[in-house]
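Working notes, structure below.
Just so you know, all these numbers are worked out from the coordinates, no wet-lab data involved. Quantities reported herein were computed from a predicted structural model and do not represent experimental measurements. With ideal geometry, Cβ positions are generated from the backbone for all residues, glycine too; neighbour counts draw on all protein chains shown.
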Amino acid sequence: MTFNPNAGIDTSHVTRRSGGGSLGGRIAIGGGGLGIVGFIVVLLIQSFTGVDLSGLAGSYGGTGSDGGSGTALTGCTTGQDANTNDDCLVAGTADSLDAFWRATLQGNGYDYRSVDTVVLFTGSTSTACGQGTTDMGPFYCPNDQTIYLDTAFFDELRTTFGASGGQLAKEYVVAHEWGHHIQNLLGTMSGLDLSDTGPTSDSVRLELQADCYAGAWVRGAATTKDANGNTYLQAPTQTQLEDALNAAMVVGDDYIEKNLGGGTVTPEQWTHGSSKARQMWFTAGYQQGVGGCNTFSAPASQVDPQ
Ligand SMILES: [Zn+2]
């Protein structure tokens with residue numbers, strides 16, 4: 001979605017940690033292992049895709065590592081900045097997500113707290129869920145209620161995954177991770193068996209709900225307002241919606257297995273859902289709002305649409 005150029009961007013939700021080390025010396029760790037992110041990781045974090053990006057072709061990310069400190073974003077003050085700079089886009093998206101979820105949860109009698117921070121990093125960074133790396137893709141760590149994102153992933157979506165790109169595809173990534181924070185606030189994870197995988201597993205239902213929450217935010221985003229009453233975002237265009245659905249397609253487990261992982265589709269290993277399921281639940285959120293996002297009570301035929 002396009003930001004209202006006059007919207008005021010509050011950068012307090014986002015920090016950037018500067019990566020140390022060089023961007024040049026890449027190492028292909030675990031080559032061939034398009035394998036689903038190790039189970040240890042799956043149990044600890046909620047990621048955007050189920051793949052370890054280190055096994056993918058391409059020149060994604062760097063090898064820099066940094067400590068836990070970060071610096072505030074500079075140069076992000078208006079929606080115009082968010083329309084032209086990805087760091088500012090993340091900050092503006094976080095502002096809108098915060099306003100949307102605060103109103104939605106408080107309006108339904110729930111407490112709401114923002115994410116602690118959205119950390120932009122390069123290479124790797126320390127997190128309360130262990131060392132976070134670019135290769136994990138964007139993820140949410142429940143232990144520190146923080147979203148970790150290397151904005152190089154936005155390019156990777158186009159170059160390696162083959163997505164059409166666009167602003168809403170990027171915003172969808174942030175909104176999906178924010179959706180995991182909402183699940184954390186609501187206690188959705190408790191009692192789930194997140195070591196289980198497969199098309200209708202708890203893991204997949206959790207991920208599809210995050211996609212649905214992203215769609216619900218897209219539905220309401222154009223009504224979210226900054227401190228001065230300016231709306232953050234313009235309603236999505238048809239092209240932007242198609243870009244988001246295209247992004248949802250290329251991060252589907254079956255698409256990744258077919259196109260990036262050697263061609264063998266193994267549904268029993270799925271952690272995030274098929275392309276069709278990810279698109280369907282994003283759309284459910286967009287069309288019905290948060291009320292349409294109960295992936296846990298949905299029948300198997302909806303969780304795994306054929
Ligand atoms: Zn996720």
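Remarks
- Antiparallel bridge percentage (DSSP; both residues within the stretch 103-190; nearest 5): 60
- Residues with amide H under 5 Å from that of residue 128, placed H, sequence gap 5 or more: 144
- Here the chain yields Rg over Rh of 0.93, to two decimals, using C-alpha coordinates and the Kirkwood radius.
- Net +/- balance of residues flanking residue 277 in space, Cβ distance below 11 Å, scoring K and R +1, D and E -1: -2
- In the chain, helices alone account for a calculated mean residue ellipticity at 222 nm of -12000 deg cm²/dmol, with every DSSP H run of four or more residues adding -39,500 (n - 2.57).
- A cut-off of 5 Å between modelled amide H atoms, ignoring neighbours fewer than 5 places along the same chain, links residue 224 with 232, 233.
- Cross-link partners of residue 258 among lysines, defined as those whose alpha carbon lies under 21 angstrom from its own and excluding same-chain residues fewer than eight positions apart: 276.
- Think of the chain as having a plus end and a minus end, set by charges on the Cβ of Lys, Arg, Asp and Glu; of 2, 141, 217, 2 sits farthest toward the positive end of this dipole.
- Separation between Cα centres of the stretch 121-168 and the stretch 181-214, rounded to whole Å: 19
- In the chain, the DSSP beta bridges split such that about 60 percent are antiparallel, to the nearest 5.
- Whole-number percent relative contact order across the chain, with pairs defined as alpha carbons under 8 Å at least 6 apart: 22
- Charge dipole (debye, nearest 20) of the chain; +1 at Cβ of Lys and Arg, -1 at Cβ of Asp and Glu: 280
- This model, with +1 at the C-beta of Lys and Arg and -1 at the C-beta of Asp and Glu, gives the stretch 131-265 a dipole about its Cα centre of some 440 debye.
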